[in-house]
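Laboratory data are not the source of any read-out in this text; all were calculated from the coordinates shown. This is a predicted model, so every value here is computed, not measured. No Cβ is skipped: glycine too gets one built from the backbone with ideal geometry, and neighbour counts run over all protein chains shown.
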Amino acid sequence: MQQDTPRPEHLRPTAAIDSDHPAVAAFAARHAQGDGEGERAVALYLAVRDGFRYDPYRIDLSLEGLRASAVLANGYGWCVPKAVLLAAVARAAGIPARLGFADVRNHLSTERMRRTMQTDTFYWHGYTELWLGGAWRKATPAFNIELCERFGLLPLEFDGVHDSLYHAFDKAGHRHMEYLHQRGSFDDLPLAELRADFERHYPGWGSMHAADFQAEVQQETRA
């Protein structure tokens, strides 16, 4: 669990944070550009945030579906695998990284999500923690810029110094996100716990796999 300073584990690959995968290493080398570690981290954050569309309908709770290299292959992900990808490319670039999780109340969702989940609480919302400037900095790469523009959200920026956390309100001043419970920091993906809670709280989530999240967002925002 949480430590104040990085350890060797925060630079090593794991089965989920597969920073040694050739595609992950290549992505890190291509995008980790900048004069210092902070600039390189910000560049990686933006590449993950905007290079992979947020899609909460196609959730695969297997190890194969959640590992960083799977996001690269798929071109999409939800908050947890996108956080895993950012952790992996950061480790590949020599930046210590770990995962953070929180339960949040999400006021951004589609009608199908609300009907299926029967709750506005999202358990195990994932983000990444990067060791920069002598401290762990929270970075949340989940929502790509196009999705933010479509939903009228303020995009989450990351400057390598301040935590990047969900905004409490959207551009219009409506409630967006509330942090309910911090689960802490993890050196690796706590897959068994995450899967158990999803199966308990969201038994109908698998029914959304055939749906098109982007199309529903476009339809509902036009309305």
Most mobile listed residue (Thr140, Thr119, Thr14) in the chain, GNM with C-alpha springs under 10 Å: Thr119
Rounding to the nearest 20 debye, state how big the charge dipole of the chain is about its Cα centre with +1 on each Lys and Arg Cβ and -1 on each Asp and Glu Cβ. 220
With the chain treated as a Gaussian network of Cα nodes joined by springs under 10 Å, which of Gly160, Gly173, Gly204 yields the largest mean-square fluctuation? Gly173
Cα lying deepest toward the dipole's positive end in the chain, options Phe213, Ala15, Phe122, charges on Cβ: Phe213
Counting alpha carbon pairs within less than 8 Å and at least 6 residues apart, what relative contact order, in whole percent, applies to region 15-215? 25
In whole Å, largest first, what are the principal axis extents of the Cα atoms in the chain? 46, 35, 31
